[in-house]
Amino acid sequence: MKRIKISEVLKLTTFGDEICVMGWVRTKRISKNVAFVALNDGSTINNLQIVIEINPEIENILSRVNTGASLSVKGKTVESVGSGQKVELQCTDITVFGQANPDEYPLQPKRHSLEFLREIAHLRFRTNTFSAVFRIRHAMTFAIHKFFNDKGFCNIHTPIITGSDAEGAGEMFQVTSLDINNLPRTEDGKIDYSQDFFGKMTNLTVSGQLEGELAAMALSEVYTFGPTFRAENSNTARHLAEFWMIEPEMAFYDINDNMDLAEEMLQYLVKYALENCREDLEFLSKRREEEQKQKPQNERDDMSLIERLKFVVNNKFEKLTYTEAIEILKNSNANKKGQFAYPVNTWGTDLQSEHERYLVEKHFKKPVILTDYPKEIKAFYMKQNEDGKTVRAMDVLFPQIGEIIGGSQREEDYDKLVSRINELNIPEKDMWWYLETRKFGSVPHSGYGLGFERLVLFITGMSNIRDVIPFPRTPKNAEF
Ligand code: 4AD
Ligand code: MG
């Protein structure tokens, strides 16, 4: 008999058919001579109730049907009274694929802390919370490809191993096949990378942007969606050492076109989740409400998860310059009362996430796009403004998250780009291929990077980025 997924079974409106389902036991309850087993196969947040009449033959099998065990169950669908679902399965036959010893199985049918579940990330997929999060993560992956595909963008696979540092922050993981206990040296005592695998020093990419730009100079509108790596030692709830980034890059777009695309994309993705991930979102919304109740009154979020998502879909993003934002922050009561860990008093300093969140959550109460940042705090490739001080950067700031997107119009002028590279001591000879696009048919162009986990964090209402990627990589942690 062919297996049917539980998501399909729960949609049935006619009953009495013989079917087969397979999955993992969430709970077992025995009442008189009937056992009730809640079975889940990951196709939906909801369990299928299996009703088993106990007889001497089945008792032996039933003792192996515990939380965590995997089963194949045949039976007849019947209309359910009570149990929250319309349908349940009257069991005629059970096979236990794999047992889970109740004394050892770490996932008991009770609420476990997210911290504990991180330590058993190999099993946390089996909880309601994580299965919901990862179904939503999948839906967002699909929606991103759909969004760009429908617009005629071409997906480009950019390299993971590179010789360049796109962001110029020096936060790279080196890739080598040299024996690090016995490094070859040049005459002047430096490491001889000519003997390394690629004949030069290489690292894991921090961004696919530079290669994306090369493709955009022919295909016009492209996007990358790949893993990126940063050896930045920030142990926060919003940073990972390995994260996924979506980087569209568009020829003939200026900064305003870039902002419009970012806003349209984010609203599309949130709307997609609201329309396609309803049950999982409702579960996570309730979960979040309970989590909020544990917090002190003044730290609680006054919007439910679903309200917050709708809020992003229904409001135009607020656009202003960095300079205007600094004025708002400088004159804010929060700043005057010393409520920021990093007080705002000078133009030119980078914004911290507390400042970004203040602008979004307290001041404008909607997503914000900040533009025209000081060039000193942004990457070399951003288009320089006429004032000589700022660049055509844009950061999209979201409630709870802070920066969710970073991007800019790109410097398309060869001379200006070279002089910026030299100012920053970036080795010009390593960038020859990037610079050549400014020599041959250069055009105004723009792009941005969306941090995929920050998007999933926002959509799911989870509070730690480690809980929206299956196996997080963070300082001192690469388990699994
Ligand atoms: O602002 P970033 O560093 O921009 C770039 O990498 C550009 N090359 C993008 C572009 O213009 N094509 O990173 C972009 C986004 C951030 O806004 C943030 O959402 C996410 O990537 N991000 C991280 N997410 C998780 N962990 C980290 N350590 C992250 N660093 C950046
Ligand atoms: Mg950034």
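Test of understanding: among 444, 427, which residue is surrounded by fewer than 21 Cβ atoms within 10 Å (Cβ to Cβ), of a type outside the set (Val, Ile, Thr) and at pLDDT below 95?
On the way: 444 fails: at pLDDT below 95.
Result: 427 is the single residue among 444, 427 that is surrounded by fewer than 21 Cβ atoms within 10 Å (Cβ to Cβ), of a type outside the set (Val, Ile, Thr) and at pLDDT below 95.
All of 142, 147 fail the test of being at pLDDT 95 or above, of a type in the set (Phe, Trp, Tyr) and surrounded by 14 or more Cβ atoms within 10 Å (Cβ to Cβ), apart from 147.
Against the definition (closer than 21 Å to residue 322 by Cβ, of a type outside the set (A, V, I, L, M, F, W, C) and within 11 Å of ligand 1 (Cβ to nearest atom)), how does residue 381 come out, yes or no? It is true that residue 381 is closer than 21 Å to residue 322 by Cβ, of a type outside the set (A, V, I, L, M, F, W, C) and within 11 Å of ligand 1 (Cβ to nearest atom). Look at region 160-182: where a residue is more than 22 Å from residue 474 (Cα to Cα) and a partner is of a type in the set (Val, Ile, Thr), sitting 6+ places away or on another chain with Cβ atoms under 8 Å, you get 163/202; 178/191.
Being aliphatic (A, V, I, L, M) and either surrounded by 21 or more Cβ atoms within 10 Å (Cβ to Cβ) or closer than 25 Å to residue 305 by Cβ (or both) is the filter here; which residues of region 447-478 pass it? Steps first, please.
So in region 447-478, the residues aliphatic (A, V, I, L, M) come out as 450, 455-457, 459, 462, 465, 468-469, 478.
Matches in region 447-478: 450, 455, 456, 457, 459, 462, 465, 468, 469.
For residue 135, work out the one condition from (1) in a loop (DSSP other than H, G, I, E, B); (2) touching a residue at least 60 places away in the same chain (Cβ under 8 Å) it doesn't fulfil. Looking at each condition in turn, residue 135 falls short on (1). Taking the residues in region 393-423 that are more than 16 Å from ligand 2 (Cβ to nearest atom) and within 24 Å of residue 451 (Cβ to Cβ) as candidates, determine which candidate is surrounded by the most Cβ atoms within 10 Å (Cβ to Cβ). The qualifying residue surrounded by the most Cβ atoms within 10 Å (Cβ to Cβ) is 411.
Scanning region 377-392 for residues that are crowded, with 19+ Cβ neighbours inside 10 Å and either at pLDDT below 95 or small (Gly, Ala, Ser) (or both) returns a single hit, 379.
Quick grid of which residues meet (1) more than 14 Å from ligand 1 (Cβ to nearest atom); (2) within 18 Å of the chain's Cα centre (by Cα); (3) under 25 Å from residue 250 (Cα atoms); (4) without any contact (Cβ under 8 Å) to a residue 24 or more places away in the chain:
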| site | (1), (2), (3), (4) |
| --- | --- |
| 416 | yes, no, yes, no |
| 422 | yes, no, no, yes |
| 425 | yes, no, no, yes |
| 436 | yes, no, yes, yes |
| 445 | no, no, yes, no |
| 449 | no, yes, yes, no |
| 457 | no, yes, no, no |
| 465 | no, yes, no, no |
| 474 | no, yes, no, no |
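Out of (1) within 28 Å of residue 153 (Cβ to Cβ); (2) touching an Asp or Glu at 6+ places or on another chain (Cβ under 8 Å); (3) not polar (S, T, N, Q), the odd one out for residue 184 is which? Only one criterion in (1) within 28 Å of residue 153 (Cβ to Cβ); (2) touching an Asp or Glu at 6+ places or on another chain (Cβ under 8 Å); (3) not polar (S, T, N, Q) is unmet by residue 184, namely (1).
Within region 166-193, can you find the residues that are at positive phi, within 16 Å of ligand 2 (Cβ to nearest atom) and exposed (fewer than 15 other Cβ atoms within 10 Å of the Cβ)? Residue satisfying the conditions is 170 alone.
Please go through region 418-451 and give me each residue that is among the charged types (D, E, K, R) and closer than 17 Å to residue 408 by Cα, ordered by number. Show your work before the answer.
Looking only at region 418-451, we keep the residues that are among the charged types (D, E, K, R), and these are 420, 423, 428-430, 436, 438-439.
Of everything in region 418-451, those that are among the charged types (D, E, K, R) and closer than 17 Å to residue 408 by Cα turn out to be 420, 438.
Checked against the criterion of being buried (at least 18 other Cβ atoms within 10 Å of the Cβ) and either of a type in the set (A, V, I, L, M, F, W, C) or outside any strand (DSSP E or B) (or both), region 26-37 has at least one qualifying residue. Evaluation of residue 152 against the conditions (1) touching a residue at least 24 places away in the same chain (Cβ under 8 Å); (2) more than 21 Å from residue 206 (Cβ to Cβ); (3) surrounded by 11 or more Cβ atoms within 10 Å (Cβ to Cβ) shows that the sole unmet condition is (3). Can you name the residue in region 225-237 that is within 16 Å of ligand 2 (Cβ to nearest atom) and touching a strand residue (DSSP E or B) at 6+ places or on another chain (Cβ under 7 Å) and, of all such residues, is nearest to residue 411 (Cα to Cα)? Within region 225-237, the match that is nearest to residue 411 (Cα to Cα) is 228. Of the numbered criteria (1) closer than 22 Å to residue 312 by Cβ; (2) in contact with a His (Cβ under 9 Å, 6 or more places away or on another chain), the one residue 409 fails is (1).
Can you find a residue that is among the hydrophobic types (A, V, I, L, M, F, W, C) and within 16 Å of ligand 2 (Cβ to nearest atom) anywhere in region 435-448? Let's see the steps before the verdict.
The first filter runs over region 435-448 and keeps only residues among the hydrophobic types (A, V, I, L, M, F, W, C), leaving 435, 440, 443.
If we keep only those that are within 16 Å of ligand 2 (Cβ to nearest atom) too, we end up with none.
No, region 435-448 has no match at all.
Condition check for residue 196 on (1) charged (D, E, K, R); (2) surrounded by 13 or more Cβ atoms within 10 Å (Cβ to Cβ); (3) in contact (Cβ under 8 Å) with a residue 24 or more places away in the chain: one failure, at (3).
Please state which one of 360, 391 is away from ligand 1 (no atom under 13 Å from the Cβ), among the hydrophobic types (A, V, I, L, M, F, W, C), without any contact (Cβ under 8 Å) to a residue 60 or more places away in the chain and in contact with a strand residue (DSSP E or B) (Cβ under 6 Å, 6 or more places away or on another chain). Spell out how you get there, then give the answer.
Working: 391 fails: away from ligand 1 (no atom under 13 Å from the Cβ).
On inspection, the qualifying residue turns out to be 360.
To keep it simple, each residue is scored yes or no on (1) touching a residue at least 60 places away in the same chain (Cβ under 8 Å); (2) over 22 Å from residue 395 (Cβ atoms); (3) surrounded by 14 or more Cβ atoms within 10 Å (Cβ to Cβ).
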{"position": "270", "(1), (2), (3)": "yes, no, yes"}
{"position": "278", "(1), (2), (3)": "no, yes, no"}
{"position": "286", "(1), (2), (3)": "no, yes, no"}
{"position": "290", "(1), (2), (3)": "no, yes, no"}
{"position": "293", "(1), (2), (3)": "no, yes, no"}
{"position": "298", "(1), (2), (3)": "no, yes, no"}
{"position": "318", "(1), (2), (3)": "no, no, yes"}
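For region 207-249, enumerate the residues that are more than 10 Å from ligand 1 (Cβ to nearest atom) and either among the β-branched types (Val, Ile, Thr) or surrounded by 24 or more Cβ atoms within 10 Å (Cβ to Cβ) (or both). Result: 216, 222. If you go through region 55-84 and pick out every residue that is surrounded by fewer than 16 Cβ atoms within 10 Å (Cβ to Cβ) and assigned to a loop (DSSP other than H, G, I, E, B), you end up with 7. Please work out which residue is farthest from residue 328 (Cα to Cα), limiting yourself to region 349-376 and to residues that are surrounded by 14 or more Cβ atoms within 10 Å (Cβ to Cβ), at pLDDT 95 or above and more than 27 Å from the chain's Cα centre (by Cα). The residue in question is 375.
The values are calculated or read from the model by the stated rules, or taken from the named source; none is laboratory data. In this text, all values refer to a predicted model and were calculated from it rather than measured experimentally. Positions of Cβ are generated from backbone atoms using ideal geometry, with glycine treated the same way; all protein chains shown enter the neighbour counts.
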